[in-house]
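Here the structure comes first, spelled out in structure tokens, and everything after it is commentary.
The values are calculated or read from the model by the stated rules, or taken from the named source; none is laboratory data. Computed from a predicted structure; not experimentally measured. Note that we place each Cβ from the backbone using ideal geometry, even for glycine, and neighbour counts take in every protein chain shown. We work out accessible area using only protein heavy atoms, side chains counted, and drop any ligands, DNA or RNA first. Shrake-Rupley method; radii C 1.70, N 1.55, O 1.52, S 1.80 Å.
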Amino acid sequence: MTVRLTLTTLGKMKQDGDKITMLTCYDASFAAVLDGAGVDTLLIGDSLGMVLQGHDSTLPVTLTDVAYHTACVARGAKRAWIIADMPFGSFQLSPGETFRNAVPLLAAGAQMVKLEGGETMVETISFLTSRGIPVCGHLGLTPQSVNMLGGYRIQGKTDETAQRLIAEAKMLEEAGASMLVLELMPSVVAAAVTAALTIPTIGIGAGVDCSGQVLVLHDMLDIYPGKKARFVKNYLAGNGSVKAAVEAYVREVKAKTFPAAEHSY
Ligand code: KIV
């Protein structure tokens, strides 16, 4: 019988230096392939707005969209820890409303919700986690704030902004977050954040020293027609099948050969 990964196992993987693999996933067939290939965590990201729905940002994604795709993924995966993204507008107003909006995602089969933001999310994370909902934070480039950030830009480049990222990461951990996605920041900053925390960090464009890595599935299979970021590697090239591509990704993350310097900042 396949046993599902737990928060305890994922936390221990960080302590043991065993890299955690994550990919985004949106349906049952891909979930079964990714699960079988040994991907530790599946994220039903609001990136679905771009790679599935064809929008030019994640902002139009709804709670109904994420709940639907979470239910699809949950039916296909037996071992992976399943994380559902809270879409724009579903968690910014109040802790109570966020709890109410997280419920359908857990009912659909997620074990954890992810939400973007730093200090302003402390109260909400504390509210959710003290009521039984595990939370993954998301710092650095937070795509739902693209209009405030002036585009999809690298974050934490100055000493002041890097220190701020480290401070906010500690606040999220203290509030109860048990995982943290770090997106698009210099490798040295992500390494400092990872060293400052007990909980695992999962990097995307954040260098090899995070506790694990995530990529958007459609990017690593090179089937998304949009612009490809420097941190993306095409794993389908040379691997012949989706299964072999995903196995290669898992192998390289575990061996710390992905991301290489050419994928980092
Ligand atoms: O929505 C998403 O796919 C994400 C990842 C980029 C981490 O948040």
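Can you spot a residue in segment 48-57 that is of a type in the set (Gly, Ala, Ser) and touching a His at 6+ places or on another chain (Cβ under 8 Å)?
We begin by selecting, within segment 48-57, every residue of a type in the set (Gly, Ala, Ser); these are 49, 54, 57.
Imposing the further condition that a residue be touching a His at 6+ places or on another chain (Cβ under 8 Å) reduces the set to 49.
Yes, some residue in segment 48-57 is of a type in the set (Gly, Ala, Ser) and touching a His at 6+ places or on another chain (Cβ under 8 Å).
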Any idea which residue in segment 151-168 is farthest from the ligand (Cβ to nearest atom), counting only those that are farther than 19 Å from residue 198 by Cβ and open to solvent by less than 50 Å² (accessible area, probe 1.4 Å)? 162
Residues (open to solvent by 10 Å² or more (accessible area, probe 1.4 Å) and more than 12 Å from the ligand (Cβ to nearest atom)) located in segment 66-75: 67, 68, 71, 72, 74, 75
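Quickly run through segment 226-240 and pick out the residues that are on the phi < 0 side of the Ramachandran plot, modelled with pLDDT under 95 and more than 19 Å from the chain's Cα centre (by Cα).
Taking segment 226-240 as the starting set, the residues that turn out to be on the phi < 0 side of the Ramachandran plot are 226-237, 239.
Remaining after also requiring modelled with pLDDT under 95: 226-228.
Answer for segment 226-240, where residues must be on the phi < 0 side of the Ramachandran plot, modelled with pLDDT under 95 and more than 19 Å from the chain's Cα centre (by Cα): 226, 227.
Can you pull out every residue in segment 193-234 that is acidic (Asp, Glu) and either part of a helix (DSSP H, G or I) or over 23 Å from residue 164 (Cβ atoms) (or both)?
Listed by number, the residues that qualify are 219, 222.
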With the condition kept exactly as written, say whether any residue in segment 253-262 is open to solvent by less than 20 Å² (accessible area, probe 1.4 Å) and farther than 20 Å from residue 16 by Cα. no
Taking segment 23-53 and keeping residues assigned to a helix (DSSP H, G or I) and within 10 Å of the ligand (Cβ to nearest atom) leaves 48, 49, 50, 51
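Can you tell which of 19, 12 is more than 14 Å from the ligand (Cβ to nearest atom) and crowded, with 21+ Cβ neighbours inside 10 Å? Before you say what the answer is, go through the steps one by one.
Values: 12 fails: crowded, with 21+ Cβ neighbours inside 10 Å.
After ruling out the rest, the residue left standing is 19.
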Looking at (1) under 12 Å from the mean Cα position of the chain (by Cα); (2) farther than 18 Å from residue 256 by Cβ, find the lone condition where residue 219 falls short. (1)
In segment 111-148, the residues that are in contact (Cβ under 8 Å) with a residue 40 or more places away in the chain and assigned to a strand (DSSP E or B): 112, 114, 135, 136, 137, 138, 139, 140
Options 171, 121, 148: the member that is modelled with pLDDT under 95 and either open to solvent by 40 Å² or more (accessible area, probe 1.4 Å) or within 22 Å of residue 86 (Cα to Cα) (or both): 148
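In segment 198-213, is there at least one residue being open to solvent by 60 Å² or more (accessible area, probe 1.4 Å), of a type in the set (Asp, Glu) and within 19 Å of the chain's Cα centre (by Cα)? Break it down into steps so the answer makes sense when it comes.
Quick first cut of segment 198-213, residues open to solvent by 60 Å² or more (accessible area, probe 1.4 Å) only: 198, 209.
Applying the additional criterion that residues be of a type in the set (Asp, Glu) yields 209.
From what is left, the residues that are within 19 Å of the chain's Cα centre (by Cα) are 209.
Within segment 198-213, one or more residues are open to solvent by 60 Å² or more (accessible area, probe 1.4 Å), of a type in the set (Asp, Glu) and within 19 Å of the chain's Cα centre (by Cα).
Among the residues of segment 1-21, write down those that are part of a loop (DSSP other than H, G, I, E, B) and of a type outside the set (Gly, Ala, Ser). Give the steps one after another, and end with the answer.
Here is the first cut: in segment 1-21, the ones part of a loop (DSSP other than H, G, I, E, B) are 1-6, 17-19.
Matches in segment 1-21: 1, 2, 3, 4, 5, 6, 18, 19.
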If we keep just the residues of segment 179-191 that are open to solvent by less than 40 Å² (accessible area, probe 1.4 Å) and more than 16 Å from the ligand (Cβ to nearest atom), which is nearest to residue 211 (Cα to Cα)? 191
